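Below is one structure, written out as structure tokens, with a few remarks after it.
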Ligand SMILES: Cc1cc2nc3c(=O)[nH]c(=O)nc-3n(C[C@H](O)[C@H](O)[C@H](O)COP(=O)(O)OP(=O)(O)OC[C@H]3O[C@@H](n4cnc5c(N)ncnc54)[C@H](O)[C@@H]3O)c2cc1C
Ligand code: FES
Ligand code: FES
């Protein structure tokens, strides 16, 4: 009987092997084993989205994924957004539009918004709000986040023209 | 905390063997959006998690005009939602599946997990019932089919026997001039559990005037979801006028035996069972006439 599982996953482009206790969530494995503390722990029940990561191209709450499940997976976390010292357009827009206050929700919003823009480069206000409904923010009141996502989307569209 | 074993079998038979070998202590996991929350809160005592997502039979998703829809038990809601052939033909099911949780939850949650969790408020079960779904299950004793209407037997309890797991749903092709709809009432716009829910599936005569078949189910108003046969009967033969809709609503109110809790009182839920019955029929009717 084994209570640990060794998994190898590509995290932000780097192949990473982790030995994880089977009870460990992907969130804890990222934070405690891989040393990636960007994803945050809010509720541990799928309600807040602070732990959002992209798993095999799909947005998930990493608190509701077992680390043992992710062998062979591709994972994107907030740490993978910036290219070296150059921030991702979403990160720039969040700063410029003051879309954060305490910041605990921000990594989750950034990753969730990235997943949205990956599949829909020109989302409507309604689509943005709907897509981000699983990310909670107690500080900003969401309007500034909405603006930041729209501005980042516009910049991304302009830069890929 | 007690140690946990983890397996991710890649064949159905291996999963069934493992599950039986573990007696009652193993937890089957599709998306884990119920299971992991329950394990964390201490509600589910589990020594071995069996991940079902790598089993091909549980990932089946296909539609055939003659045979209908096959939906593997572990298919995630976002995958079902993007499956174009199912959109109009099984509108009520897609509607229910798409209501489950946020984008993040949609990536993981399955219809199979939704019904195996056994909640009378589960957002896919009423639709499966009115669409006449069969649940294909397999265990050490072999395969059998359970009609969706009989799948839940009490809060958190299903008709699965010891060692059995849900493999897939089979839903017959929709008859001509038919359509379905599902809706729920929640106090917020989204991200909540149904206080009351209803699904309807109706078939019209070729001229679109008379109702020739109808089925109504209501959720969250009894220990299990309810197929309200009297509501269906009240509609058949009618032109689906206000009197027929009111008769169906009255049948739903009569069938409901809700509890009072922080989400709503008995009286309120009973009233809403009638309101949602009418609205679900109206949704289905509009679709059937439009189609
Ligand atoms: C934030 C949040 C919001 C939610 N919102 C909703 C909502 O709006 N509406 C709603 O109905 N639900 C909601 N849920 C509950 C849950 O997401 C759904 O019930 C979901 O469909 C469960 O699917 P799953 O694949 O994650 O199930 P799992 O958690 O993997 O499994 C659920 C149960 O079924 C058993 N099981 C799973 N697959 C099988 C199988 N093939 N055979 C036998 N047993 C099996 C498991 O052992 C477990 O007991 C929500 C949950 C969260 C965390
Ligand atoms: S910590 Fe994962 S959703 Fe809140
Ligand atoms: S900035 Fe504080 S929770 Fe969002």
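Values computed for the structure shown
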quantity	calculated
Between segment A:82-99 and segment B:1-17, the Cα center-to-center distance that results, in Å	42 Å
Calculated FRET efficiency for the pair residue B:257/residue B:13, C-beta based, R₀ 56 Å, to 0.05	0.85
Base-10 log of normalised Debye intensity for segment B:104-228 (one unit scatterer per alpha-carbon) at q = 0.19 Å⁻¹	-1.06
Helix-only mean residue ellipticity at 222 nm for chain B, each DSSP H run of n ≥ 4 adding -39500 (n - 2.57), per residue, nearest 500	-9500 deg cm²/dmol
Helical contribution to [θ] at 222 nm, DSSP H n ≥ 4, -39,500 (n - 2.57), averaged over chain A, rounded to 500	-9000 deg cm²/dmol
Whole-number D in µm² s⁻¹ for segment B:2-104, Kirkwood Cα-pair radius fed into Stokes-Einstein, 25 °C, 0.890 mPa s	161 µm²/s
Cα centroid of segment A:5-62 to Cα centroid of segment B:159-236, whole Å	38 Å
Cα-Cα P(r), segment A:8-59, percent of pairs per 5 Å interval	5, 18, 29, 30, 15, 4
Cα-based equivalent ellipsoid of segment A:27-141: semi-axis lengths in Å, sorted from largest, via gyration tensor	21, 16, 15
Alpha carbon centroid spacing (whole Å) that separates segment B:106-153 from segment A:126-161	36 Å
Alpha-carbon spread of segment B:57-171, three principal axes, descending order, Å	35, 32, 23
Kirkwood hydrodynamic radius over Cα pairs of segment B:5-51, then Stokes diffusion coefficient at 10 °C and 1.306 mPa s, in µm²/s	147 µm²/s
Rounded FRET efficiency, nearest 0.05, which uses the C-beta distance separating residue B:268 from residue B:243 and R0 of 35 Å	0.90
Ranked by how many other beta carbons lie within 10 Å on average, peptides B:109-115, A:60-66 from highest	A:60-66, B:109-115
Per-q log10 I(q)/I(0), chain B, q = 0.08 Å⁻¹ (Debye; single scatterer per alpha-carbon; no solvent)	-0.33
Long-range Cα-Cα pairs in the protein assembly as shown (distance over 28 Å), rounded percent	54 percent
Value of Rg/Rh across segment B:175-266 [Cα atoms, Kirkwood radius]	1.03
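No value in this document is a laboratory result; all are computed from the given coordinates. Just so you know, these numbers come straight off a predicted model, no measurement behind them. Using ideal geometry, Cβ is built from the backbone for each residue, glycine included, and neighbour counts are taken over all protein chains shown.
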